Amino acid sequence: MVRPLSALTLMLAVVLATAASAQAQNADNGKTVFRQICGVCHAAVSGKTLIGPTLFGVVGRKSGSVEGYQYSDGNRAANLTWDTATLDRYLTDPRGVVPGTKMTYAGLRDEQKRHDLIAYLETLK
């Protein structure tokens, strides 16, 4: 016989585990997001500049630092390091984080897609 409190505790544990796994980052899903949204302007390989700079090696890189790319004054002056937290803020609202950026994308509001995208960007080394 299962005691009512034990059953409630078990149900709560299952719900929390399900919610946690839904928020887990998935680099494969992030690659799809990259292809759909970012790949129009950014390459995922080293040394390839498209409309925007390559995002290969972006995690840990200083803003405005890809050789040969003509950054806006806002990007050159931003003095950011593209770590997970900074990318999360920037990808949510690029112009709010870096006023004057040339990036015209308004932002990725979907938190799960954003986290998946960042997980993918972390693989580009």
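A simple count of charges around Ala77, restricted to other residues whose Cβ falls under 15 Å of its Cβ and scoring Lys, Arg +1 and Asp, Glu -1, yields +3. Here the label points at Thr32 and Asp88, each 7 Å from Cα along the C-beta direction, are separated by 2.2 nm in the simple model. Our estimate of slack between Asp110 and Ile51, defined as 0.36 nm per intervening residue step minus the Cα-Cα distance, is 18.9 nm. Other residues within the sphere of radius under 10 Å centred on the Cβ of Gly64, judged by their own Cβ, net out at +2 (K and R +1, D and E -1).
Bear in mind these aren't lab numbers, they're just calculated from the coordinates by the rules spelled out. Treat the numbers as computed from the prediction; the structure is a model and nothing was measured. Here Cβ is always computed from backbone atoms with ideal geometry, including for glycine, and neighbour counts include all displayed protein chains.
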